[in-house]
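Asks: Could you have a look at this structure, given as structure tokens, before my questions?
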Amino acid sequence: MSDTEPEPAVALTLKNAWHTLIATGGLIYVGLLALMIAFAFASPVFLTAENFANIGRQTTLVSIMAVGMALVIINGEFDLSVGSTMALSGVFAAITMKMVGHEWIVGAVVALATGAMVGMVNGLLTVKLMMPSFLITLGSLSIARGLALLVTGTRPVNILSEDYVMIFGEGHVVGIPVPIVWTIVCTIGGIILLHFSTFGRKIYATGGNTTAARYSGINTDFVKVTTLTITGMLAGLAALVLTARSHAARPDAGAGIELDVIAAVILGGAALGGGTGTIVGALVGSLIIGVLNNGLNLVGVDPSLQLAVKGLIIWFAIALSRRRVR
Amino acid sequence: MMSGSVSDPIGTSAGPAEEARSTPPLIELDGVVKHFGNVHALRGVHFDLRPGEVHALLGQNGAGKSTLIKIFAGVLDKDSGTIRIEGRETAFKSAAAARTAGVAVVYQELSLVPSMRVADNLFLAREPGRFGLVNRRKLVADARRFLEEQGLPLNPTARVEHLPFAYRQLTEIAKALSGEVRVLVLDEPTSSLSRGEEEILFDAVRKVSRQGVGVIYVTHRLEEVFKLSDRVTVLRDGANVGTFATSDVTMEQLVGSIVGPSGTGAASSKSEDYERAPPSETSQPVIELVDVNNDRLNGVNLAVQAGEVVGLAGMIGSGRTEILESIFGLRRIASGELRIDGENRKVRAPIQAIGLGAGLVPEDRHLQGLVLDHSIERNVALPRLDRLDFFGLFRRRESKARARAAINGLSIVAPSTGTRAAELSGGNQQKVVFGRWSDPTPRLLLLDEPTVGVDVGAREQIYEVVRTMVANGASALIVSSDLGELLMLTDRIAVVAGGRVVDVMPVSEIRNEEHLHQIVQEAQA
Amino acid sequence: MSREPHMTTEAIDIIRRRVLSGEGMIYIAFVVLIIVFSVSSPFFLTLSNFENIGRQTALVSIIAVGMTFVIVSGEFDLSVGSVVALAGVTAAIAMRLFADHWFVGALVGIATGALVGFVNGFLTVQFRTPSFLITLGSLGIARGFAMMLTDTRPIVITNESYFKIFGEGHVLGVPVVIAWTAVLMVAGAILLHFSTFGRKVFATGGNTTAARYSGISTYRIRIATLTLTGLLAGFAGVVLSARSHAARPDVGAGLELDVITAVILGGAALSGGRGTIAGALVGSLIIGIVNNGLVLVGVDSSLQIAIKGFIIWIAVTARRQ
């Protein structure tokens, strides 16, 4: 093993501004801006406050779960089960609320607890079996979906609690729609946890070099289980927003949403191998996907194509993150 | 006529030694120089290998052996000097070029597919057969015949992953030999073998050399040199000390030339520049291991007094590192006691060891020490995260101050605390690993090869850091292959072999580095 | 050297190891399952039910052949379900647009699959990225294209020989679907276990460095295995569309779960370098029998989805070293 020689500091000249842009992950901010300008020209409706509130609402689910997924990916793991977890949490919340007289707090607690539970099982199996988390969560993707379909008999469950609907779906706080408020709360919470807390340091270290983290006295198994649990819980919160908005919990909700969530996080600059990434990046990634979907809609592009575009975004995000590594 | 036979090692056996002398050497190096930045790894090395001989290559860590091997393998290119293969000048530009020239380097477990059988591995990517189909029967038969010809006691249908370690090593050798091989390079092949397994390997090496192949045998163990080799070349600080016929040298002479003149005086110079009160014999040991057993240790007994520095001397694979790992909670202790301040403790995880006041500087800083992608500040904070915690929030400013203190205190050359660890030189990286333990100073420092891959200047600074920590009340347990370093830093030396502490002696009883070298060699036997 | 006693102890050793290590457990589990369902349902142990199971598991079995290559070479492919849909759609469209001939449909369908697989492989080695992520992207892309090309509506297929050859005919009394599965299984087994290419696949997954040192282009091998899986997923798409007389853009969702489970159940190591086609077949049959048995015993279809998830957990657990 030859020693790494110190590289000369890269001077910030126009010449390598492009490389700096890629290296620092600044490209996505430029990308978001460029997308918005392009759509602003292509559609007169795009650049309106109403449409922006729309985008915020539409991206809520992905943004909330992207906060959790960012933690998981920075920690060096993956969670493919978030879509099913969201459906299962929503279904459980709706069913229990029916049983206890439509108390919103019961629904909220049950949804968050269900999500956290699925996440914790994912985490425990991953660390105890020492298996790749994407395989474990591929299993739970199916299990959670199956259970959601089973307990509902594949039919949607109606939600009658007005409080519930207002708090998570349709209310406003100082003029801001609650889904957006919840997104902001999660983002700030995520930023504090990841960038300002001691635990955040442990997440970064575990993802950056698990062995070194372990040798430094960090309980890496605990860190992994916790981040996966948090992601599950945020999937539960996403379920609250979704079910409140649609006044019903559908067992087939959220299929394939893991694609958006993972794309958002990788687009936001998280390294695939773990150890780097930011919450703000994940949020911007999610907004890019949202703006793209919204813009393509306004311009009148086939919704089927949008699915393909999501896949292409993942490829693009991977290509970008590879550039960053070099 | 010679070239025909050596290019086909399976064919008729090569001529006897007299004939070999009349032909040009198989491989000849002249004035080979290699730098890494401003570190001179090789400063004009000469080396030659004759057909059919076993040529041992000796030297301490950092003497240039591994660089030389990499040049043989074509992994590294020399900066200047010449390499001649059978008298013709060659330059290896790649591993493939070296291989084509007939040079095969046996790495440890690098070139085998564990889930495949021995025969499959031998003929990997050149299986006998037609139309893309493998003739499995012929494959096994060919492999069996080849192994019998080479005299290697291997079952061609055994899966590699089920083989004991020595036989995997043999498979590596067999695989290396299965092409057109004139030069076989073995890099510390016995470092993880047991006694009996070694003999199997030695037999194989002898048989191979009898076929006319030249064998370059790199080792730390001097007894092997005498058992196996015809000639021996010693390197020190990237230059030749000498090449001897094995029959003409004694072990003392070899040790002397490996260690060099500076080593002979090391023990005496030590007491001068390193003065402090000797730890009192009556004090309670900070840490004591009583009959500690696990998968790699066989009843280790060892005690470190407060303020004492104990060195662990032994071969790679002797259990030195495992002793540190067992103390630090990285390796489960199956039976025996680990007493800290006289109290029996069960340390199951590093966090507990750290809580009890231990700090480890691991052997491989890239793999076990640092998160290379992260900043100095992040790395320095790692083992102290819980101390930098304020109701769940991370005290960033304090962590930065700590990192800055570490940079200043250890003279780490870096633009800021935000510099990525990957951008630092080896010495500075190692200082960052030390910096993690600088505040507060641990009560027991566990250092595993603290200066490996570190240049001379940084090495002195690291010694200074260790001394300062000890002066501040730390005890230390140091593993090092650099025996001079052990003599310089420690109060007592524990000799480790076969997963046990064989002997403990005060440094004052050791005459010099040469003497310690001999003690270690004898403990092995 | 006395070879005979040596060989027998070795043979015993291998048998003992295989049975205990889980490589043999699957076959035991297989037999146990058959016995359990035979006892609990009178319809289970009938020829027609076995034909049923064979037909139902055909898709999974066919793709599992390719997935075995992929997993043995150390990669994963999550896009197979979408590829099945896309291939069926392109096959149907080609038969409408160019010529209503079974060969055109089959060729276009299979080529579509192979193309997606090739792109998966190419991007995986090009970006040096885990293939499960790349194929997660193509999962979306292929599905999106399938829906776009069809406007999310099924395309009806009218070619009779297409149905006969790939879906509903019989060869010597055996349903063609089963015949195709058998043919591809045998071909796959020969390619993986008896060809030089197969050796290279094992070496690539077992120890990439060793493979490269032996002169194997591990990049090409990985591209090849992913292309092969795409190709077989394309074939599965043709079979499915022939069986249902239509190409639906929403078929095959979640199929990757079954296929990966089958291969891992069948003894393939997640890290690569280990696995057999026969194992994958047994794995696929186990999944088929569980599904079939659960239906016969009258278990809810939602629960079956959950049970599939549990099976992958069990498979992963069994593979733990």
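Bear in mind these aren't lab numbers, they're just calculated from the coordinates by the rules spelled out. Every value quoted in this text rests on a predicted model; they were computed, and no experiment measured them. Cβ placement follows ideal geometry from the backbone for every residue including glycine, while neighbour counts extend to all protein chains displayed.
Asks: Using the Cα centre as the reference, give the magnitude of the dipole from point charges on the C-beta atoms of segment B:376-440 (Lys, Arg: +1; Asp, Glu: -1; all else neutral), rounded to the nearest 20 debye.
Replies: Numbers: 12 positive and 6 negative charges, 23 e Å.
Here the size comes out at about 120 debye.
Asks: Using only atoms on other chains, find how many Cβ atoms lie within 10 Å of each Cβ of peptide A:145-158 and report the average.
Replies: Details: counts 6, 11, 5, 3, 7, 7, 1, 1, 2, 3, 0, 0, 0, 0.
Taking the mean over all residues of the peptide, I get 3.
Asks: Continuing with the same structure: Enumerate the lysines that B:K78 could reach by cross-link, defined here as Cα to Cα under 30 Å, with residues fewer than 8 away along the same chain left out.
Replies: Qualifying lysines at Cα under 30 Å: B:K34, B:K65, B:K70, B:K93, B:K175, B:K431.
Asks: Let me see the P(r) profile for the protein assembly as shown: every Cα-Cα distance counted, bins of 20 Å, each bin given as a percent of all pairs.
Replies: 10, 35, 36, 17, 2, 0
Asks: How many percent of Cα pairs in chain B exceed 46 Å? Before the final figure, lay out the partial values.
Replies: Values: 26127 of 137550 pairs.
Percent of Cα pairs beyond 46 Å in chain B: 19.
Asks: Now for a different question. So what does log10 I(q)/I(0) come out to for segment A:49-255 at q = 0.09, 0.10, 0.19 Å⁻¹, using the Debye formula with one equal point on every Cα and no solvent?
Replies: So the normalised log intensities are -0.34, -0.42, -1.25.
Asks: Looking at C:G275, C:M147, C:T204, which one has the Cα that reaches farthest to the positive end of the dipole of chain C (charges on Cβ: Lys, Arg +1; Asp, Glu -1)?
Replies: C:T204
Asks: Let me ask something else. Pick out, from A:G268, A:T152, A:F134, the residue whose Cα sits farthest towards the positive end of the charge dipole of chain A, with +1 on the Cβ of Lys and Arg and -1 on the Cβ of Asp and Glu.
Replies: Going by the charge dipole, the pick is A:F134.
Asks: Which cross-chain or sequence-distant (5 or more) residues have an amide H under 5 Å from the amide H of B:G242, H modelled 1.01 Å from N in plane?
Replies: B:V234
Asks: Ranking request for peptides B:458-464, B:85-91: highest mean number of other beta-carbon atoms within 10 Å first, then the rest in descending order. Please report the intermediate quantities before stating the final value.
Replies: Working: B:458-464: 17.6, B:85-91: 13.6.
Top to bottom by mean Cβ count within 10 Å: B:458-464, B:85-91.
Asks: Please give the residues of segment B:302-332, grouped as numeric ranges, whose backbone N is less than 15 Å from a label point set 7 Å along the Cα-to-Cβ vector of B:R348.
Replies: Only B:329-332 pass the distance filter.
Asks: Checking the a/c ratio against 1.5 first, then a/b against b/c, what shape does the Cα gyration tensor give for segment B:419-475?
Replies: Values: a/c = 2.21, a/b = 1.58, b/c = 1.40.
It comes out prolate by the Cα gyration axes.
Asks: Once you sort the root eigenvalues of the Cα gyration tensor of segment C:129-190 as a ≥ b ≥ c, which label holds: rounded (a/c under 1.5), prolate (a/b larger than b/c) or oblate (the other case)? Could the numbers behind the result be given before it?
Replies: Values: a/c = 5.04, a/b = 1.34, b/c = 3.77.
Taking the square roots of the gyration eigenvalues as a ≥ b ≥ c, segment C:129-190 is oblate.
Asks: Using the Cα centre of segment B:72-131 as origin and beta-carbon charges of +1 (Lys, Arg) and -1 (Asp, Glu), tell me which of B:G129, B:V118, B:A97 is placed farthest towards the positive end of the dipole.
Replies: B:G129
Asks: As a check on your grasp of the helix formula, calculate [θ] at 222 nm for chain B: sum -39500 (n - 2.57) over DSSP H runs of n ≥ 4, divide by the residue count, round to the nearest 500. Walk me through the numbers on the way to the answer.
Replies: On the way: 20 runs with 182 residues, N = 525.
Only helices count here, giving -10000 deg cm²/dmol.
Asks: State, as an integer percentage, the relative contact order of chain B based on alpha-carbon contacts under 8 Å between residues 6 or more apart. Numbers along the way, then the final one.
Replies: Details: 1040 pairs, mean separation 78.4, N = 525.
Once normalised by length, the contact order is 15 percent.
Asks: Taking a virtual spin label 7 Å from the Cα of B:E199 along the C-beta vector, which residues in segment B:146-180 bring their backbone nitrogen under 12 Å of it?
Replies: No residue qualifies, since no backbone N sits under 12 Å from the label point.
Asks: A further question on this structure: Could you state the number of Å between the C-alpha centres of segment B:194-233 and segment B:377-405?
Replies: 52
Asks: Once you wrap a convex hull around the alpha carbon atoms of segment C:25-318, what is its projected area averaged over all directions, in nm²? Provide the component values of the computation, followed by the final result.
Replies: Details: hull surface 60.6 nm².
Computed as one quarter of the Cα hull surface, the answer is 15.2 nm².
Asks: Follow-up. GNM, chain A, Cα, under 10 Å: largest mean-square fluctuation among A:W315, A:W104, A:W182?
Replies: Result for chain A, Cα springs under 10 Å: A:W315 fluctuates most.
Asks: Right, another one. Comparing C:G74, C:G252, C:G140, which has the greatest mean-square fluctuation in the GNM of chain C with Cα pairs linked when under 10 Å apart?
Replies: C:G140
Asks: On a full-extension model of 0.36 nm per residue, what is the gain between B:E509 and B:E337, subtracting their alpha-carbon distance, rounded to one decimal in nm?
Replies: Working: separation 172, 0.36 × 172 = 61.92 nm, distance 2.89 nm.
Length gained, B:E509 through B:E337: 59.0 nm.
Asks: Let me confirm one metric for peptide A:190-200, namely the mean number of other chain beta-carbon atoms within 10 Å of its residues' beta-carbons.
Replies: Numbers: counts 0, 0, 3, 2, 0, 2, 5, 7, 14, 5, 4.
Mean shielding by partner chains, rounded to a whole number: 4.
Asks: So, one more: Can you give the % of DSSP beta bridges in chain B that are antiparallel, to the nearest 5? Provide the component values of the computation, followed by the final result.
Replies: Details: 47 of 82 bridges.
Given both bridge residues lie in chain B, the antiparallel proportion sits at roughly 55 percent.
Asks: Same structure, new question: Based on DSSP, what percent of beta bridges with both residues in the protein assembly as shown are antiparallel, to the nearest 5? Could the numbers behind the result be given before it?
Replies: Numbers: 57 of 92 bridges.
In the protein assembly as shown, DSSP labels about 60 percent of beta bridges as antiparallel.
Asks: Below 14 angstrom from the Cβ of C:G88, what's the summed charge of the other residues (Lys, Arg +1; Asp, Glu -1)?
Replies: Working: positive: C:R96, C:R143, C:R153, C:R243, C:R248; negative: C:D250.
Residues close to C:G88 contribute a combined charge of +4.
Asks: Using a Gaussian network model on chain A with a 10 Å cutoff between Cα atoms, which of A:A308, A:A116, A:A244 fluctuates the most?
Replies: So, out of A:A308, A:A116, A:A244, the one fluctuating most is A:A308.
Asks: Out of residues 5 or more away from B:F36 or on other chains, whose amide H comes under 5 Å of its own, with H placed 1.01 Å from N in the peptide plane?
Replies: Residues meeting the criterion, in which the H sits 1.01 Å from N, are B:A41.
Asks: Below 8 Å, C-alpha to C-alpha, sequence gap of six or more: please give me the relative contact order for segment C:25-318 in percent. Each step should come with its number before you reach the end.
Replies: On the way: 561 pairs, mean separation 100.7, N = 294.
Across segment C:25-318, relative contact order equals 34 percent.
Asks: Once you put a point 7 Å from the Cα of B:F226 and another 7 Å from the Cα of C:V186, both along the Cβ direction, what distance in nm separates them?
Replies: 6.7
Asks: Still on this structure, I have one more. For segment B:283-361, what does the relative contact order come out to in percent, with C-alpha contacts under 8 Å and a separation of six or more? All intermediate terms of the calculation are to be shown ahead of the outcome.
Replies: Working: 128 pairs, mean separation 27.0, N = 79.
Averaging sequence separation for qualifying contacts and normalising by length gives 34 percent for segment B:283-361.
Asks: Residue by residue through B:394-401, how many Cβ atoms from other chains fall within 10 Å of the Cβ on average? Don't jump to the answer; show the numbers that get you there.
Replies: Working: counts 9, 2, 3, 0, 0, 2, 0, 0.
So the per-residue partner count for this stretch is 2.
Asks: About its Cα centre, how strong a charge dipole does the protein assembly as shown have in debye, to the nearest 20, once Lys and Arg get +1 and Asp and Glu get -1 at the Cβ? Could you put the intermediate results ahead of the total?
Replies: Values: 98 positive and 97 negative charges, 515 e Å.
Using only the charged Cβ atoms, the result is roughly 2480 debye.
Asks: Determine the dipole magnitude for chain A: charges of +1 sit on the beta-carbon of Lys and Arg, -1 on that of Asp and Glu, nothing else is charged, the reference point is the Cα centre, and the result goes in debye to the nearest 20. Don't skip to the end; give the middle numbers.
Replies: Numbers: 17 positive and 15 negative charges, 81 e Å.
The dipole of chain A has a size of about 400 debye.
Asks: If you find the alpha carbon centre of segment B:295-334 and of segment C:119-163, how far apart are they in angstrom?
Replies: If you average the Cα positions of each part, the centres end up 56 Å apart.
Asks: Please find the FRET efficiency linking B:V456 to A:I192, where r is the Cβ-Cβ separation and R0 is fixed at 35 Å, and quote it to the nearest 0.05.
Replies: Values: r = 46 Å, r/R0 = 1.31.
According to the calculation, E is roughly 0.15.
Asks: Return the long-range amide H neighbours of B:F394 (sequence gap of 5 or more, or a different chain), with a cut-off of under 5 Å between placed amide H atoms.
Replies: Amide H neighbours of B:F394, under 5 Å, 5+ apart: A:S197, A:T198.
Asks: Apply the membrane-span-like helix rule to chain C: whole DSSP H runs, Cα extent along the own long axis of at least 30 Å, mean Kyte-Doolittle hydropathy at least -1.0. List the helices found. Can you show the working numbers first?
Replies: On the way: long enough: C:47-72 (34 Å, 1.20); C:102-127 (38 Å, 1.62); C:218-244 (39 Å, 0.96).
TM-like helix candidates: C:47-72, C:102-127, C:218-244.
Asks: What are the DSSP H helices in chain A that stretch 27 Å or more along their long axis, judged by alpha-carbon atoms, and whose average Kyte-Doolittle hydropathy comes to at least 1.6?
Replies: Working: long enough: A:49-74 (34 Å, 1.17); A:104-129 (37 Å, 1.72); A:133-152 (28 Å, 1.67); A:220-246 (39 Å, 1.12); A:279-299 (30 Å, 1.82); A:303-325 (33 Å, 0.87).
Span-like helices here: A:104-129, A:133-152, A:279-299.
Asks: Apply 1/(1 + (r/R0)^6) to the Cβ-Cβ distance of C:V297 and B:R206, taking R0 = 60 Å, and write down the FRET efficiency to the nearest 0.05. Mind dumping the intermediate values first?
Replies: On the way: r = 68 Å, r/R0 = 1.13.
E between C:V297 and B:R206, to the nearest 0.05, is 0.35.
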